[in-house]
Amino acid sequence: MKPVQDYIRTIPDFPNEGIMFRDVTTLFADPRGFRMAVDQLIYPFLDQRIDKVVGLEARGFILGGAVAHQLGVGFVPIRKKGKLPAATYAQDYSLEYGQATVEIHQDALEAGERVLLVDDLLATGGTARAGVKLIERLGAEVAGTAFVVDLPDLGGRSVLTELGLFVHCLCDFSGH
């Protein structure tokens with residue numbers, strides 16, 4: 001069986017010149033690759049208590065739902081500002097050129113729950129860090145983080161490990 005990174009398509013100069021976009025939709029489209037990725041994402045957490053999986057918009061929803069299903073727990077989305085219908089908490093984070101905001105429903109997690117944070121790609125760590133802050137604001141504990149792709153040159157892993165978090169990535173690609 002081929003490794004996870006072999007299922008991921010690279011698109012040069014998207015969305016901007018000089019960027020090598022790592023497209024995980026080709027991984028999702030392959031039933032063996034997708035199952036393998038989900039199984040590998042949950043492996044380090046099988047002996048831990050995980051109460052909920054939180055997925056970051058948007059590809060984190062696809063992975064997070066599958067991971068939650070495999071673990072037999074609920075799924076909670078963290079969405080871009082203005083997309084959730086009930087009362088939310090918001091967290092701003094920095095982008096390369098500006099700011100963005102993500103939100104979580106105020107009743108999405110209970111104090112003391114252990115949460116696995118899932119997304120497709122770890123770059124600068126800004127979105128994941130914002131997600132961690134929202135999870136902790138609800139009184140839940142981040143048991144760990146899981147990503148398919150790490151872009152180590154952008155430093156996201158160190159952002160999360162400096163918060164004391166376990167970071168699990170299936171593969172990495174150098175560059176941007």
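In the chain, one over the average inverse separation of all distinct C-alpha pairs is 16.3 Å, which is the Kirkwood hydrodynamic radius.
In debye, nearest 20, what is the charge dipole magnitude of segment 34-172 about its Cα centre with +1 on Lys and Arg Cβ and -1 on Asp and Glu Cβ, if you could check?
In total the dipole reaches around 300 debye.
Mean-square fluctuations from a GNM of the chain, with a 10 angstrom spring cutoff on Cα atoms, peak among GLN99, GLN70, GLN40 at GLN99. This ranking places MET36, MET20, MET1 by how few other beta-carbon atoms lie within 10 Å of each, fewest first, which gives MET1, MET20, MET36. Taking other C-beta atoms within 10 Å as the exposure proxy, SER174, SER158 rank SER174, SER158 from fewest upward.
Taking the number of other C-beta atoms within 10 Å as the exposure measure, put LYS80, LYS133 in order starting with the fewest.
Values: LYS80 14, LYS133 17.
Ascending Cβ contact count within 10 Å gives the list LYS80, LYS133.
All of the numbers you see were taken from the coordinates with simple rules; none came from a lab. From a predicted model like this one, the values you see are computed outputs, not experimental measurements. Here Cβ is always computed from backbone atoms with ideal geometry, including for glycine, and neighbour counts include all displayed protein chains.
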